[in-house]
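Values quoted throughout were computed directly from the atomic coordinates according to the rules given, and no laboratory measurement underlies them. This structure is a prediction, so every number in the text was calculated from the model and none was measured. Here the Cβ is made from the backbone with ideal geometry for all residues, glycine too, and neighbour counts use every protein chain on show.
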Amino acid sequence: MPHPVMDPTLAAPFPKAALPMLRNTQLRKNVGHATDVIQAKRAHLVAEKTDWQQLRSAASAIRAHVLENLGPYLEQFESRCTAAGGVVHWAADAAEARAIILDLLRQEQASEVIKIKTMTSAEIQLNPALEAAGIHAFETDLAELILQLGDDEPSHIVVPALHVNRSQVREIFARRMGRTDLTDDPKTLADAARTYLRQKFLSIPTAISGANFLIAETGGVGVVESEGNGRMCLTLPRTMITLAGIEKILPRFQDLEVILQVLARSATGERMNPYTSLWTGVTPGDGPQRFHVVLLDNGRSSMLARPVERQTLKCIRCAACMNACPVYRQTGGHAYGSVYPGPIGAILTPQLMHLEHAQTLPYASSLCGACYEVCPVKINIPEVLIELRARVTDLERKQPARFLDPMFLGMRVANGIFASSGRFRAAQRLGRIALRAFTGKDGWIHSLPGLGARWTMTRDLRGLPEETFHEWWSKRNKPSSNSVSKETVAR
Amino acid sequence: MRTSLFITCYNDTLYPETGRAVVHLLERLGVEVEFRPTQTCCGQMHANTGFRGEAFSQAKRFVRLYQDAESVVIPSSSCVAMIRDQYPGLFEELGNETLRRDFAALVPRVYELSEFLIDRVGTEDVGAYFPHRVTYHASCHGLRALHLGDRPFRLLAKVRGLEQVPLENLDRCCGFGGTFSIKNAEVSSAMLSAKLTDVLATRAEYCTALDNSCLMHIGGALHREFAGMKTIHLAQILASTEAVPAEATL
């Protein structure tokens, strides 16, 4: 497999990027199996909560409230975090965030850092920037470690190595750690990772994390995780740098009561995630003594102004939408050309790119609605997808090259046809005649030219019947029409 | 009881037998059916592909055409979902207050077929006879947008001679998605392939649904593969009787 492209400015259009994934039988088996397992666990634990819909509504309301009052809450977070000994930095875009983090690491004279899984750092493509500056980042999340050692990229935001199975993990560890003694047993593999990582935790004094929550009321930061590697990173180093999107705010500590309940169930199918770390500024003699938070905008504030698209920022990154998505199930995450794959990625990535890139992602959905149904904060993803399709179409309308694009042409012609019933009837008659040439003796169409070939590549199409419903109705209800019995036979 | 049939553009053109079945079924139940000949399309294809202005003109057309109807029945769950879920946003965005109000008054009287039968006519047993093994495919819009729930199963349960076979992964999309099936034809085909595996595992004679667009997709692949299974709209099963079996209307 070629190295996955995770930069939306460079990625191929979704339909093209999906092709090698569809041909990869191992990947499809891994993704299908993993999403089935997570979905079954989630469904079981959601079913036991009789108040699940109320919890969803509460979580949705908290997140919507945050977005309506984001400015004041961010300022509150900044002042409380600063008062507790943290340093808050503001980054308008990815480049600024990278520069801030690099500058902080230079002050620390760091040549190595340990990292907790942070998708936001992948969003700003931090690791390559660190490497270029001579700083090596060690991923400490097991899945991220597997990907880093395997020279691979995340395909899922909660289970980044979801597309890799344990035999592949054994092979990567054997190759990169020199551990030829390993088996496919998960415990043996986890032990190998633990041995490898333990020396890093104990020897590297600088860490980078993401954040699940920024609590405005206390200035505190929260990270949830399953492995305990995060707890190591958050307690052992001298210096901690946390990178967080500005939308990660929760107003009050008490809001965790709702959010943690829906997050763990939706993300990993657990009642509570194994490790929840919360810290506020610095505490003398306990944990990191220098603490920085980099608040990243990178396109987020521009989304706030749009009432439909704004809900995208309610996301708490549980990934339930990708586990439920029948498109993601077939393609896995790499086809989306972004660290954010699946339905949430299909709406988030194009917006982070100001619709200048990733324009095919809003179309990477059959609008089946499975994502909306499982979303714990009720993001109406199909609604946002349709909104973004309208915006992409409006941009494309202005491009002269699109004027003769078959899809555009077809849509314009169809609109003219549907505007008048006379034209619609004429088009039906014309279509019937035109399609006759493609209709086989069995009455079915097996092959069509142009855009139609995109249909007939895998499906037949029944030839057009000799009589439309409208024609049948007109005949049947003609005032001069014959007796009922005759009509019943003609039926 | 009177109702106005909105047949939908693609049923009118590609699946007139579904429309004929709706008429025969409703008339048999004592409902007077009317058909307004100037109807065309609800605008779903344009809206879902991003052509919002075009969708708006079709939405406006729909409201104007049916605002005085006693009720409207539509044998296509995705078109009903378009009307219920997308029209309000379209009218609000375009700031057309009159249209928004007229729509709000009309929409409670717009029914998907199984809703009309159970909620409006108030019957589950429509007196149908269809002696075949049948599996029901729950179209995404019927399932998640309209929340049809067990309505189709209750209707099927009362059809004499019919044997229902449950479909695995009932809530999973067949991959049609309108222009998605063209723009992302390969991914759509992969989804269809997975659906076909479940459909064929039922060993049913017919796969039925409340949306001919899904059936066009599933049926297109069944035909391509000489799979020995047919698709049929639920309306045609419900219209079927001993005297006039559905096969005669296909």
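Structure above, values below:
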quantity	calculated
Averaged over A:413-422, number of beta-carbon atoms from partner chains that fall within 10 Å	5
Over the range B:202-250, equivalent-ellipsoid semi-axes from the Cα gyration tensor in Å	20, 12, 9
Over chain B: helical MRE at 222 nm, DSSP H runs n ≥ 4 each giving -39500 (n - 2.57), nearest 500	-12500 deg cm²/dmol
Dipole magnitude of the range B:196-250, debye to nearest 20 (Cβ charges: Lys/Arg +1, Asp/Glu -1, about Cα centre)	120 debye
Number of partner chain Cβ atoms within 10 Å, mean per residue of A:394-403	1
Fewest-first sequence of A:Glu68, B:Glu186 by Cβ atoms within 10 Å of each Cβ	A:Glu68, B:Glu186
Descending semi-axes in whole angstrom, ellipsoid equivalent of the range B:133-249, from the Cα gyration tensor	23, 16, 13
Cα-centred dipole magnitude for the range A:410-490, charges only on beta-carbon of K, R (+1) and D, E (-1), debye, nearest 20	200 debye
Cβ-defined net charge surrounding A:Met303, 9 Å radius [Lys, Arg +1; Asp, Glu -1]	+1
All lysines inside 19 Å of A:Lys475 as judged from Cα atoms, apart from same-chain residues fewer than 8 positions distant	A:Lys486
The protein assembly as shown - share of DSSP beta bridges that are antiparallel (%, nearest 5)	25 percent
Net charge, B:Arg160 excluded, C-beta distance under 12 Å - Lys, Arg +1, Asp, Glu -1	-2
Principal-axis tilt of helix A:421-436 within chain A, Cα atoms, nearest 10 degrees	90 degrees
Order of A:Lys200, A:Lys478 - criterion: other Cβ atoms within 10 Å of each residue's Cβ, fewest first	A:Lys478, A:Lys200
Cα-based convex hull, the range A:410-490, per residue volume (Å³, whole number)	119 Å³
DSSP H segments from chain B that extend 20 Å or more along their own axis, Cα-based, with Kyte-Doolittle mean of 0.0 or above	B:185-201
Local electrostatic count, A:Gly345, Cβ distance below 12 Å [Lys/Arg +1, Asp/Glu -1]	0
Degrees between helix A:381-397 axis and first principal axis of chain A (Cα, 0 to 90, nearest 10)	70 degrees
Listed residue (B:Ser189, B:Ala204, B:Leu234) projecting farthest to the positive dipole end of the range B:133-249, Cβ model	B:Leu234
Cβ-based exposure ranking for A:Phe469, B:Phe153, in which fewest neighbours within 10 Å come first	B:Phe153, A:Phe469
Shape metrics for the protein assembly as shown, restricted to C-alpha atoms - Rg then Dmax, Å	28.3, 98
Acute angle (nearest 10 degrees) that the helix A:25-47 long axis makes with the longest principal axis of chain A, alpha-carbon atoms	80 degrees
Above-threshold pairs, the threshold being 26 Å between Cα atoms, out of A:Lys441/B:Lys230; A:Lys441/B:Lys158; A:Lys29/A:Lys187; A:Lys29/B:Lys230; A:Lys314/B:Lys195	A:Lys441/B:Lys158; A:Lys29/B:Lys230; A:Lys314/B:Lys195
About the Cα centre, charge dipole magnitude for chain A (Lys/Arg +1, Asp/Glu -1 at Cβ), debye	2160 debye
